[in-house]
Amino acid sequence: MTYRLAYDRIAITHGDNTMRLSPSLRAGLLIAQKYSLADIGEALAESNFTIITYLVMIGADDPDAALSFVCRMVAEDGYLSLAKISPELQAFVMISLGLSGDEDSQAEPDANLSPITFADALTQLFETGTGWLGWTPAETWAATPAEIVAARTGLFAKL
């Protein structure tokens, strides 16, 4: 599977205001530790205020401003306005979890591999970033899973 490495921050607009979310390993691990993909999909489909607010708060540079942004949306346009931001939130979750590969090149899963949770896989990527690659924890948390995998591939090629 190939991964896109460079992502712009994900912009969510409401009126004249824009909030930006930064996909990252940290956000992915926080999501994976709290919710399943099914939970996220259901929350986005049903405009679940609690889960949507959690997602924007962990993706934004300023969680308090993100909370205010979502509350303002709901106050001005009602809860159904949250459905309008579902595509952006879905993209944020997918990139943060490392699920943003090129669909044309996806390989079949190996039946011999034991199942691993998203939280375990993302923890292993943190270990890769801080251990193998020598990145600081802050650098590793800020990277997307795709960036860590690409850096690891580059290290293997170098060795």
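Numerical summary
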{"quantity": "Carbon and sulfur %, accessible surface of segment 1-72 computed with the full protein complex present, 1.4 Å", "calculated": "48 percent"}
{"quantity": "Percentage of interatomic Cα-Cα distances in the chain larger than 25 Å", "calculated": "33 percent"}
{"quantity": "Helix 145-158 axis, angle to the chain major axis (alpha carbon atoms, nearest 10°)", "calculated": "20 degrees"}
{"quantity": "Amide H within-cut-off set for Ser24, under 5 Å, with H built and near neighbours excluded", "calculated": "Ser96"}
{"quantity": "Rounded to whole Hz, the Karplus (6.51, -1.76, 1.60) HN-Hα couplings of segment 68-80, x for glycine and proline", "calculated": "4, 4, 5, 4, 5, 4, 5, 5, 7, 10, x, 4, 5"}
{"quantity": "Å² per residue, accessible surface of segment 120-159 at 1.4 Å", "calculated": "56 Å²"}
{"quantity": "C-alpha long axis of helix 118-127 to longest principal axis of the chain, angle in °", "calculated": "60 degrees"}
{"quantity": "Principal axis dimensions, largest first and in whole angstrom, of segment 1-70 by Cα", "calculated": "38, 28, 19"}
{"quantity": "Between helix 86-97 and the chain: long-axis angle, C-alpha atoms, 0 to 90°, nearest 10", "calculated": "20 degrees"}
{"quantity": "Net +/- balance of residues flanking Ser86 in space, Cβ distance below 13 Å, scoring K and R +1, D and E -1", "calculated": "-2"}
{"quantity": "Fully extended contour minus Cα-Cα distance, from Gln90 to Ile116, at 0.36 nm per residue", "calculated": "7.2 nm"}
{"quantity": "In Hz, Karplus ³J(HN,Hα) per residue of segment 9-17 (6.51, -1.76, 1.60; θ = phi - 60°; x = Gly, Pro)", "calculated": "4, 7, 9, 10, 10, 8, x, 8, 9"}
{"quantity": "Where segment 2-72 is the region considered: accessible area per residue in Å², 1.4 Å probe", "calculated": "52 Å²"}
{"quantity": "Additional length obtainable on full extension of the chain from Arg72 to Thr153, 0.36 nm per residue less Cα span", "calculated": "24.8 nm"}
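The values are calculated or read from the model by the stated rules, or taken from the named source; none is laboratory data. Everything numeric in this text was worked out from a predicted model, so none of it was measured. Every residue, glycine among them, receives a Cβ derived from its backbone with ideal geometry; neighbour counts consider all protein chains shown. Heads up: the accessible areas ignore ligands, DNA and RNA and are worked out on the full protein's heavy atoms, side chains in. Shrake-Rupley method; radii C 1.70, N 1.55, O 1.52, S 1.80 Å.
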